[in-house]
1. Tell me, what is the percent relative contact order of segment 18-80, built from C-alpha pairs under 8 Å that lie six or more residues apart?
2. Tell me the net charge near Tyr61. Cut-off is 14 Å between Cβ atoms, Tyr61 excluded, with +1 for each Lys or Arg and -1 for each Asp or Glu.
3. Can you work out the Karplus-derived ³J(HN,Hα) for every residue in segment 49-60? Use 6.51 cos²θ - 1.76 cosθ + 1.60 with θ = phi - 60°, whole Hz, and x for glycine or proline.
4. Sequence-distant or interchain residues sharing an amide H contact under 5 Å with Gly10, placed H: which?
Amino acid sequence: MRRANLVMKGNLDDPKALIQEAYKIENIMRSECRSIFLDWALSLPLEQDPNISIQNLLGRYKSEFSTHPMTETLEEGLLTMARPKRRGGWKSRQRSKSD
């Protein structure tokens with residue numbers, strides 16, 4: 001059986017190079033950057049801290065693209081993005097007290 005060789009298009013902070021490509025798009029709108037950001041966030045491995053990746057991406061792009069809509073979106077994401085917390089399951093449901 002053959003194993004496929006997986007090649008990472010981007011890097012650890014941007015595995016699919018979505019953020020990198022967004023910076024290359026001329027006249028990209030903020031709404032498009034938000035959509036790309038959501039795709040990027042969903043593509044990160046669960047064990048990866050998105051806040052660290054955002055900080056790394058800002059370190060890479062902010063000085064050259066300080067007014068780019070993706071820079072604004074990343075900064076906004078850094079302020080609002082938190083690690084997902086588990087919701088639901090049996091612990092979140094109300095239980096009646098049975099004596």
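Every number here is computed from the coordinates shown, using simple stated rules; none is lab data. All values reported here derive from a predicted model rather than from experimental measurement. Positions of Cβ are generated from backbone atoms using ideal geometry, with glycine treated the same way; all protein chains shown enter the neighbour counts.
1. On the way: 41 pairs, mean separation 26.5, N = 63.
So the answer I get is 42 percent.
2. On the way: positive: Lys24, Arg60, Lys62; negative: Asp13, Asp14, Glu21, Glu64, Glu72, Glu75.
Net local charge, Tyr61 excluded: -3.
3. Along segment 49-60, the couplings run 7, x, 5, 5, 5, 5, 4, 5, 5, 5, x, 7 Hz.
4. It is Lys16, Ala17, by chain and number.
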